[in-house]
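K.L.:
Shown below is the structure under consideration.
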Amino acid sequence: VSQRAEQRWWIAGTTAPAVLFLALVAYLPILYAVGLSFAKKTAFSPVTTFSGLRNYRLIFEEPDLWNAVWRSVVFTVGAVAVQLVLGLVAALLLNQAFRGQTFVRSIFVLPYLLPTIVVALVFQWLLNQEYGVLNQILMQVGLLARPINFLGGLDTAMWSVIATSGWQYGSFATLLILARLQAINPKLYEAARVSGAGPLRCFWDVTLPQLRTTLVLVALLRGIWMFNKFDTIWLMTHGGPLKATETLPIYAYRLAFEDFDFGMAAAVCSVMFLLLVAGAVVYFKVFDPSREVEVGR
Amino acid sequence: MTQRRGITRRSFVTAAAGAALAPQILVRGAYGQDKNRVVFVSEESNPKAIAVYEKINADFEKDTGIKVTMEYPGFANIAKRVATLIAAGTPPEIVWYGAGQAMNLALENQLTDVGDLVKALKVPDNQRMIFKGADRSIPTSQQFVYGWARGDLLKEKKLDAPKGWDDYLKVAKALTDAPKMYGCIVPSAETGASTLLLETMFMKNNVHWFDWNAGKKEYEVSLDKGDNRKRAIETLDYLNELHKFSPEASNYNWGELMSTYVAEKAATSWYVGARLLEQVNANNARIADATVPFELPRKLTDHYYLSIQGFHILEKSNVEGAKKYVRYFMEHPSLIGWYHAVPLHIIPASRDMLRSSKYQDNPVIQKRMDVLKFIDSVWGKGVPLYYWDGKELNPYIGLYHNENLAGWMLAARNIKGMKSDAVVTEAAEQVRKKMRRAG
């Protein structure tokens, strides 16, 4: 057996378990869902009947799908923007030398470690119209005459879930940005200062370009996760009021477990999958991650 | 000379697929064929009810050799759990939950004929669920939709519990001191609570979603037609007026109906059964004695939404074992403990049982005999949704009920401010569209 063949067998043997595992837990369910999207399948019957493009025709006819796509985009862009801004500000602060730095840094990571159910319940309590802490404070200081229905208001519900997700996952951005900040060569700042740059100019001309790769990476990762986000929204608003927070995952869930139409729900999931794939393709085309990493070094 | 057979790619894939599928097939085969096993999925997961199940199941296994495996997915998840088990080809033997939910199974021919048990257990006619000429449900208990009010506050304002729509509005207005106290709760969200309120108030005003077409022998949407339309609009406008004395409630569901009342933020509320009273007893005993039941006010009828729960036995399961178990359960001396798990909330299917000293021999019931008398006084006026529009079982109720369309109607009227006329038109169209989609 040639050395090359042996090497091939070795590679195949060592990667096979991971590939098999990936196929079982990731690709097989995707294939099953795509297959189901071409079938008529209700929840209470084991029978599955091929129905061609019927499910896709039905969901594309409905304004519900396009409305859900739009809300997903609003939620994703909003939540990612809050996370990036929070993460950047927090990372810049935590990058300064001060007493108790380690302790404060660990406090900042805490929201990311909390289970979503805990975060959702805490924010439900904070934002509650009748007995919420936020309304109570705003009324006590005289900023409000009547409490605001944060989670039940048509205009406020989406912002409430965006703020909650922004708070919870902002610390993920903080971690990555802080790590990158600490890796920036101090000589770059020295050179900028010698050239007469003030703190703002240093931030604009040194820090931000150095953070570009990290910010893009965080935006991509968080964007994908937020686009698929189900738990926070479901726990806080159930997609309401009047579908004001019904994003694509909530829409798919409703089709599956309120309409009990698994075929249509699978069609929505397939559309979601394609949208994310399209997003990833655009990302790889526009940003070329390998080049970004080179630049970042 | 023997020739060694190499493993080809095809034989490898075939063997692997076979190995993967074999346990699945064996497991599927084992279900339903195992005469000594019954899988029972129950919605009721109260610890006291679970203790009764455990006692009865142990006795059943001792007497018959059949082991009962329990699952308690809870109210919110039971439909999903049952769907998963059916989709996996491993249907449970018994599901205990609302007959309205079980209707979804009947429509897919998943429920077996239980006429023999219905006859043997002397189930009252108005609680039967008949599909394709056969009984599909064995009722154990029921829950009525009715109101709860702070008797002390009514007395303070020299008011009686409301009887008609105008009374209710007057009471709600008099008891409101927003935002500290609201006179009523009109949940206006796409939730079960909002849905049941509108469905009950529709019944009170004789509004029907469907009419039976005797010629075609099928139900047709009639919500937006003739008098129905007028009455539906009137009901929505009335609830919009009432909503002015309610919290905005745009995200209210069952929990909020109870917590807002228990926290003394609402002077009246309503619920399906007496669980609200249980919560008051547990969390705010100060107002427990002052909490009194009242019938949600009538306009044209005294009917209300009736929820019937019972056993449902699935086809392609161990039907014989399941039937044996249900009969054993219903005749077991511990059954009374099951009814007492949430006293006055789980109402027996039989009025004789309700009036029996055995049922009334419970400290909570003894203390609140007024509630029992109230339940007795409204007995028989409730109608399950699937028989509201006619004598034939209406197979289409899931199209609006499962999706909380009535909740959407209340939210569209009270939160979005849509005109009732437009809300009724859109709701009827949505149901028609779903009927077309369902084929």
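The values are calculated or read from the model by the stated rules, or taken from the named source; none is laboratory data. What you see is a predicted model, and the numbers here were worked out from it, not measured in a lab. Don't worry about glycine lacking a Cβ; one is built from the backbone with ideal geometry, like all the others, and counts go over all protein chains shown.
K.L.:
Within segment B:242-261, can you find the residues that are within 12 Å of chain A (Cβ to nearest Cβ) and more than 11 Å from A:GLU130 (Cβ to Cβ)? Let's see the steps before the verdict.
P.N.:
If we filter segment B:242-261 for residues that are within 12 Å of chain A (Cβ to nearest Cβ), which is where we start, we get B:246-253, B:255-256, B:259-261.
If the condition is that a residue be within 12 Å of chain A (Cβ to nearest Cβ) and more than 11 Å from A:GLU130 (Cβ to Cβ), then B:SER246, B:SER250, B:ASN251, B:ASN253, B:GLY255, B:TYR261 are the ones that fit.
K.L.:
Same structure again: Can A:LEU188 be described as buried (at least 20 other Cβ atoms within 10 Å of the Cβ), more than 14 Å from chain B (Cβ to nearest Cβ), closer than 30 Å to A:ASN95 by Cα and touching a helix residue (DSSP H, G or I) at 6+ places or on another chain (Cβ under 9 Å)? Don't jump to the end; show me each part of the working.
P.N.:
On the way: buried (at least 20 other Cβ atoms within 10 Å of the Cβ): no; more than 14 Å from chain B (Cβ to nearest Cβ): yes; closer than 30 Å to A:ASN95 by Cα: yes; touching a helix residue (DSSP H, G or I) at 6+ places or on another chain (Cβ under 9 Å): yes.
Here the answer is no, as A:LEU188 does not meet what is asked.
K.L.:
While we're looking at this one, here's another question. Being facing chain B (nearest Cβ under 9 Å) and outside any loop (DSSP other than H, G, I, E, B) is the filter; apply it to segment A:246-273 and report the residue that is modelled with the lowest pLDDT.
P.N.:
A:PHE257
K.L.:
Could you tell me which of the residues B:THR268, B:THR301 is more than 14 Å from every other protein chain (Cβ to nearest Cβ), over 30 Å from B:ILE66 (Cα atoms), at pLDDT 95 or above and surrounded by 22 or more Cβ atoms within 10 Å (Cβ to Cβ)?
P.N.:
Working: B:THR301 fails: surrounded by 22 or more Cβ atoms within 10 Å (Cβ to Cβ).
Step by step, each of B:THR268, B:THR301 is checked, and only B:THR268 is more than 14 Å from every other protein chain (Cβ to nearest Cβ), over 30 Å from B:ILE66 (Cα atoms), at pLDDT 95 or above and surrounded by 22 or more Cβ atoms within 10 Å (Cβ to Cβ).
K.L.:
Just need a number here: residues in segment A:213-238 that are over 9 Å from the mean Cα position of the chain (by Cα), part of a helix (DSSP H, G or I) and either closer than 14 Å to A:THR174 by Cα or more than 14 Å from chain B (Cβ to nearest Cβ) (or both).
P.N.:
At the first step, the residues of segment A:213-238 found to be over 9 Å from the mean Cα position of the chain (by Cα) are A:213-218, A:230-238.
Subset that is part of a helix (DSSP H, G or I): A:213-218, A:231-237.
Going one step further and asking which of them are either closer than 14 Å to A:THR174 by Cα or more than 14 Å from chain B (Cβ to nearest Cβ) (or both), we end up with A:213-218, A:231-232.
Final tally of qualifying residues: 8.
K.L.:
Looking only at segment A:144-184, filter to residues that are assigned to a loop (DSSP other than H, G, I, E, B) and either among the small types (Gly, Ala, Ser) or under 22 Å from the mean Cα position of the chain (by Cα) (or both); which one of those is farthest from the other protein chains (Cβ to nearest Cβ)?
P.N.:
A:ALA183
Okay, residues lined up against (1) within 14 Å of chain A (Cβ to nearest Cβ); (2) touching a strand residue (DSSP E or B) at 6+ places or on another chain (Cβ under 6 Å):
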position	(1), (2)
B:GLU331	no, no
B:PRO363	no, no
B:ARG368	no, no
B:VAL383	no, yes
B:GLY417	yes, no
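K.L.:
Taking into account only those residues within segment B:363-387 that are surrounded by 15 or more Cβ atoms within 10 Å (Cβ to Cβ) and of a type in the set (Phe, Trp, Tyr), which is nearest to B:VAL145 (Cα to Cα)?
P.N.:
B:PHE374
K.L.:
On to the next question. Considering only residues that are farther than 10 Å from A:ARG222 by Cβ and either touching a residue at least 40 places away in the same chain (Cβ under 8 Å) or surrounded by 15 or more Cβ atoms within 10 Å (Cβ to Cβ) (or both), which ones fall in segment A:86-95?
P.N.:
Restricting attention to segment A:86-95, the residues satisfying the condition of being farther than 10 Å from A:ARG222 by Cβ are A:86, A:88-95.
Residues satisfying the conditions are A:LEU86, A:LEU88, A:ALA90, A:ALA91, A:LEU92, A:LEU94, A:ASN95.
K.L.:
Do we have any residue at all in segment B:139-150 that's surrounded by fewer than 23 Cβ atoms within 10 Å (Cβ to Cβ), of a type in the set (A, V, I, L, M), at pLDDT 95 or above and farther than 23 Å from B:GLU320 by Cα?
P.N.:
Checked segment B:139-150: no residue is surrounded by fewer than 23 Cβ atoms within 10 Å (Cβ to Cβ), of a type in the set (A, V, I, L, M), at pLDDT 95 or above and farther than 23 Å from B:GLU320 by Cα.
K.L.:
Output yes when any residue across segment B:87-103 is under 28 Å from B:GLY255 (Cα atoms), without any contact (Cβ under 8 Å) to a residue 60 or more places away in the chain and surrounded by fewer than 22 Cβ atoms within 10 Å (Cβ to Cβ), and no when none is.
P.N.:
Yes: one or more hits.
K.L.:
From the residues in segment B:377-421 that are of a type in the set (Ser, Thr, Tyr) and in contact with a Leu (Cβ under 6 Å, 6 or more places away or on another chain), which one is modelled with the highest pLDDT? Walk me through how you get there before you give the answer.
P.N.:
Taking segment B:377-421 as the starting set, the residues that turn out to be of a type in the set (Ser, Thr, Tyr) are B:377, B:386-387, B:396, B:400, B:420.
From what's left, in contact with a Leu (Cβ under 6 Å, 6 or more places away or on another chain): B:386, B:420.
Working: B:TYR386: 94, B:SER420: 98.
Per the criteria, the residue is B:SER420.
K.L.:
Of the residues that make up segment A:37-56, is at least one within 14 Å of another protein chain (Cβ to nearest Cβ), in a helix (DSSP H, G or I) and either touching a strand residue (DSSP E or B) at 6+ places or on another chain (Cβ under 9 Å) or farther than 30 Å from B:GLY100 by Cα (or both)?
P.N.:
So far as segment A:37-56 goes, yes, one or more of its residues are within 14 Å of another protein chain (Cβ to nearest Cβ), in a helix (DSSP H, G or I) and either touching a strand residue (DSSP E or B) at 6+ places or on another chain (Cβ under 9 Å) or farther than 30 Å from B:GLY100 by Cα (or both).
A quick yes/no check of all residues on (1) outside any loop (DSSP other than H, G, I, E, B); (2) closer than 29 Å to A:ASP259 by Cα; (3) of a type in the set (Lys, Arg):
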position	(1), (2), (3)
B:VAL186	no, yes, no
B:ALA189	no, yes, no
B:THR195	yes, yes, no
B:ASN228	yes, yes, no
B:SER246	no, no, no
B:ALA249	no, yes, no
B:GLU256	yes, yes, no
